[in-house]
Amino acid sequence: GHKGAGTARARGTTTPGVATMTAAGATLGIAGGLVRTGARAIGTPRPNLPAAAARGLGRRLRAGASTSSATNEARAGEDDGDAPHVPVLMRQVLDAFDGRSLRCYVDGTMGAGGHASAIIRAHPELRTFVGFDVDPLAHSIARPRLEAAATESCASTSGRDGESPPTPPPPPLRIHTVQSNFRHMRERLAELDLADGAVDAILMDLGVSSMHLDTPERGFSFMNDGPLDMRMGPSAKMSAADVVNEWPEEEIARVIRDYGEEKHWRLLARRICAARGVAPIETTRQLVDALGRIPGVKKGRSGGIHPATRTFQGIRIAVNEELAVVEEAIPAAVDALAPGGRLAIITFHSLEDKLVKRAFRTFAGIAPASDRPLSAWEPQPEAPPKIVKLVTRKPIVADDDEVGGNTRSRSAKLRVCEKL
């Protein structure tokens, strides 16, 4: 479980119009994802994550026309050559909050601050920003981008089109960066004196970022050799190497099947255990070699993806307990929203999307579907109370232009709901 304070402490800053704060909190310790059969973290702790920033991508999102001039300004400012991560569905996220007054905005997965800095630029009325991330590297990259966006936003309100600046000037944007998993959103917001019903908009961009994938030392990608880590934050109690070297074969098989949705899960788990019996599997390349060739896969591709993709996904989800985190975070996010506030969630694989869809439908008062046909005289499932309305009945996906400029956006899906 997550323990430790998260009390905000003031930090000095010379950035005009910006009041910066940090909230310190111990990051989440993971012990086996959602595996329920007694798996535990074994082995010595892994070294801390590298402090060096991932290399910049410098790639412009090719987004469609925006619905406001503020959105245009936000997107223009977002093209940051130093950014190590290209945010997906940027236009769609900005549109989800366009035309709404945002005084308090929460980013549950701040990352390098791409979406967050765009929101700050698009909403000069914003007074409180809270960004969650377990990764210290993300904080070191995001903070200067957020402060720069706040400065630009403040300058833009100082007199547009020759107008006199407002008197008195608006209060500065307070930026709180919280080094904590967003599953603890309720507690951390309370520590910042943000009670339930105080937030106008929340975004969660789930999954692994380009910043992680493009850094071999993090061990998320099989495309470059690196230590088999896969931890989102440095204080997690186990790594991917612990899973593949210490967990029993049946648990590894369950992870590959349930989280990786891999149909050859038995075979791959057996191969992993056979390989670790010869020598420990400590790098991403060693894990790929252990998996070997997949039956029926031609030219090293299965369904258009590398055969190791699903296995790496399953192990990563287990290491970071990703599905459990989302299940805990959504109710807290809905409670945090003010009436009319919106929650937007971006997912990247079917497990996440199904979970988000089911949670949104439940909060929208839609009775869960029965696992079998019910006759007219049988008791029907009782509908839960309606707390939100669905803004998106079907998920929003990236357009062809964005996929062409950023292939990682092809699997992204955005769902939005609004608090009643």
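If you take all other residues with their beta carbon under 9 Å from the beta carbon of Phe97, and give Lys and Arg +1 and Asp and Glu -1, the sum is -1. Taking the charge dipole of region 122-253 about its Cα centre, with +1 at Lys and Arg Cβ atoms and -1 at Asp and Glu Cβ atoms, the residue from Ser235, Gln179, Pro124 reaching farthest to the positive side is Pro124. Near the amide H of Thr177, within less than 5 Å, lie the amide hydrogens of Met21, Thr22, Ala23, Gly131, all on another chain or at least 5 residues away, with H placed in the peptide plane. A convex hull fitted around the alpha carbon atoms of region 215-280 yields 100 Å³ per residue. Counting only Cα atoms, region 303-401 measures 49, 38, 32 Å along its principal axes, largest extent leading. Once the convex hull of all Cα atoms in region 207-351 is built, its volume per residue stands at 126 Å³. Carbon and sulfur together cover what percent of the accessible area of region 93-154 at a 1.4 Å probe radius? Heavy-atom surface of region 93-154 belonging to carbon and sulfur, 1.4 Å probe: 54 percent.
For the cross-link pairs Lys237/Lys413; Lys263/Lys357; Lys237/Lys354; Lys237/Lys263; Lys263/Lys354, the ones whose C-alpha atoms lie over 21 Å apart are Lys237/Lys413; Lys263/Lys357; Lys237/Lys354; Lys237/Lys263. With +1 assigned to the C-beta of every Lys and Arg and -1 to the C-beta of every Asp and Glu, and no other charges, what is the dipole magnitude of region 150-267 about the Cα centre in debye, to the nearest 20? Charge dipole, region 150-267, about its Cα centre: 100 debye, nearest 20. As a ratio to 2.2 N^0.38 Å, the alpha-carbon radius of gyration computed for region 112-158 takes the value 1.12. Ranked from largest, the principal axis spans of the Cα set of region 370-418 equal 54, 25, 12 Å. Size estimate for region 143-279 follows the Kirkwood approach: the inverse of mean 1/r over distinct Cα pairs works out to 19.7 Å.
The values are calculated or read from the model by the stated rules, or taken from the named source; none is laboratory data. Small disclaimer: the values here were computed from a predicted structure and weren't measured. Glycine also receives a Cβ, built like all others from the backbone with ideal geometry; neighbour counts cover every protein chain displayed. For the accessible areas, the whole protein counts, side chains as well, though only heavy atoms, and no ligand, DNA or RNA atoms are used. Shrake-Rupley method; radii C 1.70, N 1.55, O 1.52, S 1.80 Å.
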